[in-house]
Each structure stands twice: as structure tokens, then as C-alpha cells.
């Protein structure tokens with residue numbers, strides 16, 4: 001199979017629980033895997049959108065939001081939430097790099113990590129509940145935000161980014177994507193989010209459509225910028241990026257995008 005095909009299979013196996021077979025993890029598959037991450041999670045994003053759209057069947061928006069997060073966590077093995085907890089615990093361990101990395105490697109969830117997961121899920125549930133006030137149109141926005149958030153990993157693995165000590169898998173991914181490719185992916189995924197927002201934008205008053213469109217664009221940009229800020233923090237404190245940081249970036253990008261989107265709806 002071609003490097004692109006192998007990269008897509010690697011992305012499916014890495015970002016979802018969908019079986020994709022054995023794929024060699026090296027430089028030729030890592031780069032396309034990161035760039036194709038949003039494509040790999042398309043089935044999962046559609047499943048989340050479908051569950052969210054159950055509000056059209058009379059399911060309360062908060063319940064539909066909770067169910068959509070269950071589907072998202074199950075479909076991604078909960079690894080992004082796990083990464084978020086480990087990163088928060090490590091960053092909260094103090095400014096000693098070795099101690100922070102040791103906390104991260106232990107794998108157990110400390111109090112700061114647990115609080116981080118709870119707060120992030122509350123923000124996501126509240127944001128999705130708000131968006132589902134628009135019915136299935138809001139569900140499309142949720143699915144679009146899921147796709148956008150997976151583009152965050154490419155932003156963390158651009159050329160010149162260092163890898164945190166002890167992360168053998170991350171060594172293959174980190175530094176494999178050119179800055180230009182990561183930026184192009186960010187633009188494409190923001191455009192996808194805007195496309196997903198069209199039905200919801202049509203529900204707004206005419207004078208509010210421009211504002212709503214602007215908010216969607218800002219949501220996409222800020223979602224990915226928040227991931228970049230996490231990368232820079234990880235480089236300063238941990239010495240680089242590892243798998244947990246990649247997972248945390250996905251959750252932070254998703255949460256930021258969803259929260260900003262609620263401004264327009």
C-alpha cells in the first residue's frame with residue numbers, strides 16, 4: 001500500500017478504536033497520519049453528530065450532549081482525556097522537569113488531573129447543550145468541531161518541535177509535519193467547520209449571519225491556537241511534546257472551539 005494509504009490506516013488505528021490492521025510506524029507513515037487525522041475520525045464525528053441530533057426525536061439537549069460525549073470517549077478509547085489528566089498533573093507537579101515527566105509516566109490520575117477532566121467535560125457538555133438548541137443544525141457544528149480538533153496534533157508535530165524525554169512513539173510523529181502543511185490543514189479544517197455551520201447560520205437573523213460566520217472562523221482559529229499554546233508550554237516545562245500532550249491538545253482544541261461557537265447560538 002502507498003505511504004498515504006498506510007498513513008490513513010495508522011491515523012484510524014491511532015485516533016479511533018476502529019481496527020485498521022498492522023502498520024509500520026516510521027517517518028513515511030507518521031506525516032500522512034497526522035495530516036489525515038480529521039479524515040480518519042470522520043466516522044466517529046458523524047456518529048457523534050447523529051447522537052447529538054437525537055434532540056430532534058425529543059431527547060433533552062443535555063442528555064443528547066452527554067450521550068455524544070460518551071460516544072466520543074468510547075470511539076477514541078478515552079485516550080485524549082487520559083492525556084489531558086496526565087499533562088495537567090505533570091504541569092502541576094512543579095517546575096522540575098524530571099519530576100514532571102515522572103508524574104506523567106506513572107499513569108495514575110491525580111487530583112488536578114481529575115478536576116481537569118471534570119471541568120473540561122462540563123464545558124463541552126454545556127457548550128453542546130447550547131448548540132443543540134438549534135436542533136440538528138447544531139449537531140452538525142458539534143461534528144465539525146470534532147473534526148477540527150484532530151487537526152491540532154499536526155500543529156504540535158511541526159518541524160523543529162522537540163520530543164519530551166522517554167516518548168519513543170512521539171519521536172516518530174513530532175517534527176514530521178512541515179509548518180506550511182500544518183497551516184494549510186488548519187485553514188482547510190476551519191473551512192470545513194464553516195461549511196458545517198451553514199445550516200445553523202441560516203437560522204440566524206439576516207443581520208446576525210455575518211457575526212455568526214465570524215464567530216465560527218474565530219472558533220476554528222482559537223481552537224488550534226490553544227493547542228499551539230499548550231505545545232509551547234510543554235516545550236518549556238517538559239522539554240518537548242509526547243503522546244499525552246497530543247491527547248491533551250485535542251481536548252483543549254475541541255473545548256475551546258465549542259465554547260466560542262456558543263457565542264453565536
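When residue 77 is tested against (1) part of a loop (DSSP other than H, G, I, E, B); (2) over 17 Å from the mean Cα position of the chain (by Cα), exactly one condition is not met: (2).
Within the range 165-177, residues that are at positive phi and at pLDDT 90 or above have Cβ atoms under 6 Å from residues that are in a loop (DSSP other than H, G, I, E, B) and buried (at least 19 other Cβ atoms within 10 Å of the Cβ) in these pairs: 175/161, counting only partners at least 6 apart in sequence or on another chain.
From the list 258, 204, 195, the one residue that fits, being in a helix (DSSP H, G or I) and surrounded by fewer than 24 Cβ atoms within 10 Å (Cβ to Cβ), is 195.
Going by the structure shown, is residue 154 touching a helix residue (DSSP H, G or I) at 6+ places or on another chain (Cβ under 8 Å), surrounded by 17 or more Cβ atoms within 10 Å (Cβ to Cβ), in contact (Cβ under 8 Å) with a residue 40 or more places away in the chain and within 18 Å of residue 261 (Cα to Cα)? So residue 154 fails the test.
Among all residues of the range 160-167, there is none that is in a helix (DSSP H, G or I) and in contact with a helix residue (DSSP H, G or I) (Cβ under 8 Å, 6 or more places away or on another chain). Scanning the range 88-114 for residues that are in contact with a helix residue (DSSP H, G or I) (Cβ under 8 Å, 6 or more places away or on another chain) and either exposed (fewer than 15 other Cβ atoms within 10 Å of the Cβ) or outside any helix (DSSP H, G or I) (or both) returns 92, 93, 94, 95, 107, 109, 110, 114.
Looking at 53, 33, which is the one that is within 14 Å of residue 138 (Cα to Cα) and in contact (Cβ under 8 Å) with a residue 60 or more places away in the chain?
After ruling out the rest, the residue left standing is 53.
The values are calculated or read from the model by the stated rules, or taken from the named source; none is laboratory data. Fair warning: this is a prediction, and the values are worked out from it, not measured in the lab. Ideal geometry is used to build each Cβ from the backbone, glycine not excepted, and the neighbour counts take in all protein chains shown.
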